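For reference, the structure discussed in these notes is given below.
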Amino acid sequence: MKNTKDNKKDKKVLIGALGIAAVITAGSTFAWFTSSDEVTNRLTAAADYGVSITETFTPPTEWLPGQEINKDVSAVNTGNIDAYVRLDLKHALQGTQLGDGIAYSSNPTLTNAVELTDAERKLLQAGGYLAYTDATGVEAGPINNSNSFTPTVKGLYIFRRQITDGFAYSGYYFDGSKYYALVNTKLDNGDLTVDAVLTPAPAPADTGAKDDGKLTGVTGVKIQDTKDLVTGDVTSVLSKKNGTTGAWEAASGWDDATHILVTYAGEDAASTDDDIVIALELDSANKSKWTYKQDLTGDATNVDGYFYYNELLAAGADTGNLITAATLDNSVQSGAYLDLTYDLTVGLDSVQMTKTEAGVYENKSITPWVSNATVDGSTGDPTWSRA
């Protein structure tokens, strides 16, 4: 299916962009869909002082649920002065989803209507029986070959197909040159059928012929359209998978977490079928070098704070990865979106650090970040207190 407003949106495509935000000087933006799969964004306070975010990413052309994409994020001190580093992550999502439908009429407005490819149109008529049409001069009944049947008259075409426990109906609207999808509804058995009032009403338990298969009336039909993606609350939570069920659950804190689970609640608050879930994998081999703090007072599992590096980052040194992969979770349903763009913005703050005249490191350079943080006077390594 493709949107008439943008014929390129016929696949579920997710592309991402990485933006760099920092308080030292100006920021810059790295787009995941550029040709480069590795980039360094440099933030410079002086000619000899700089800290950069490095990241390695090979963008997919189509990100599918359950597909893990390598995504390494770290910081490197590109200057010649030691520095303290912290990162923060922000998330943004936009895209399109199925709309509520356009009421069918003899001359419907097709703004944002979902156009069908010829192959999709043939699948909808594969049942081989034209149950209803309002096209002038076209008779309902069996069609000799579902692959060769091609409407030539403008109108609504609804086909019957037999399923394991009854009948279901599928169809399309033909405007004389193009085919458009209809809004469907889910049956109790999970199959889809046209969302409309059909006369006579289908009898799901009846697996034989019903009134020769023809429908004498169809009302309430809607042509499927698209709309901007509507999401509810956005949560970003330190998470792990339950060892028994494999389901996601909130971690007890930073030490217990394996992922950051970003969830966009769908438009339907009563269901999770339209939720979009993205899992960012933390680097298990390197996680002990970072401390997560929600704010200046302590930890939390809701990730809206900072990731503090536990060492004084020497000139030329790299922190190692904070994140290693991004996965569009396999719980995401096919109807949750048509296409979407996920932006992960990594913010970087850094503070340079040098010894005092007495040859020791002092706390005062980082206490504006965390009021009760302490510094080892000889090594400069910080302790971001969890108190």
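The values are calculated or read from the model by the stated rules, or taken from the named source; none is laboratory data. What you see is a predicted model; the values in this text were computed from it and never measured. Cβ sites come from the backbone with ideal geometry, for glycine too, and all protein chains shown count toward neighbours. Heads up: the accessible areas ignore ligands, DNA and RNA and are worked out on the full protein's heavy atoms, side chains in. Shrake-Rupley method; radii C 1.70, N 1.55, O 1.52, S 1.80 Å.
Determine, yes or no, whether F149 is modelled with pLDDT of 80 or more, assigned to a loop (DSSP other than H, G, I, E, B) and either touching a Cys at 6+ places or on another chain (Cβ under 8 Å) or of a type in the set (F, W, Y) (or both). Outline the logic, then answer.
On the way: modelled with pLDDT of 80 or more: yes; assigned to a loop (DSSP other than H, G, I, E, B): yes; either touching a Cys at 6+ places or on another chain (Cβ under 8 Å) or of a type in the set (F, W, Y) (or both): yes.
Yes, satisfied.
What about T150, is it open to solvent by 60 Å² or more (accessible area, probe 1.4 Å), polar (S, T, N, Q) and within 32 Å of the chain's Cα centre (by Cα)?
no
Is it true that T199 is exposed (fewer than 11 other Cβ atoms within 10 Å of the Cβ), at pLDDT 85 or above and among the polar types (S, T, N, Q)?
Details: exposed (fewer than 11 other Cβ atoms within 10 Å of the Cβ): no; at pLDDT 85 or above: yes; among the polar types (S, T, N, Q): yes.
So T199 does not fit the description; no.
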So which residues in the stretch 226-249 are without any contact (Cβ under 8 Å) to a residue 40 or more places away in the chain and either open to solvent by less than 60 Å² (accessible area, probe 1.4 Å) or among the hydroxyl-bearing types (S, T, Y) (or both), if there are any at all? G232, K240, N242, T244, T245, G246, A247
Anything in the stretch 250-270 that is open to solvent by 30 Å² or more (accessible area, probe 1.4 Å) and over 15 Å from the mean Cα position of the chain (by Cα)? List them, or say none. A250, S252, D255, D256, T258, H259, D268, A269, A270
Looking at the stretch 72-79, is at least one residue among the hydrophobic types (A, V, I, L, M, F, W, C) and either surrounded by fewer than 17 Cβ atoms within 10 Å (Cβ to Cβ) or modelled with pLDDT of 85 or more (or both)? yes
Please find, within the stretch 347-371, the residue that is farthest from E115 (Cα to Cα) out of those that are exposed (fewer than 14 other Cβ atoms within 10 Å of the Cβ) and of a type outside the set (D, E, K, R). A358
Specify the residue that is nearest to the chain's Cα centre (by Cα); the eligible residues are those in the stretch 222-238 that are closer than 22 Å to G171 by Cβ and of a type in the set (V, I, T). T226
Tally, over the stretch 371-387, of residues that are within 36 Å of the chain's Cα centre (by Cα) and at pLDDT below 85: 3
I'd like the full set of residues that are part of a strand (DSSP E or B) and open to solvent by less than 20 Å² (accessible area, probe 1.4 Å), limited to the stretch 89-103. L89, G95, T96, Q97
Test set (1) under 19 Å from T219 (Cα atoms); (2) in contact with a Gly (Cβ under 6 Å, 6 or more places away or on another chain) - Y173 fails condition number: (2)
Cβ pairs under 8 Å, 6+ apart or interchain, first in the stretch 169-183 and under 12 Å from I158 (Cβ atoms), second basic (K, R) and part of a strand (DSSP E or B), ordered by first then second residue, are Y169/R160; Y169/R161; S170/R161; L182/K222
Picking from L344, L338, which residue would you name as being buried (at least 21 other Cβ atoms within 10 Å of the Cβ) and in contact with an Asp or Glu (Cβ under 9 Å, 6 or more places away or on another chain)? L338
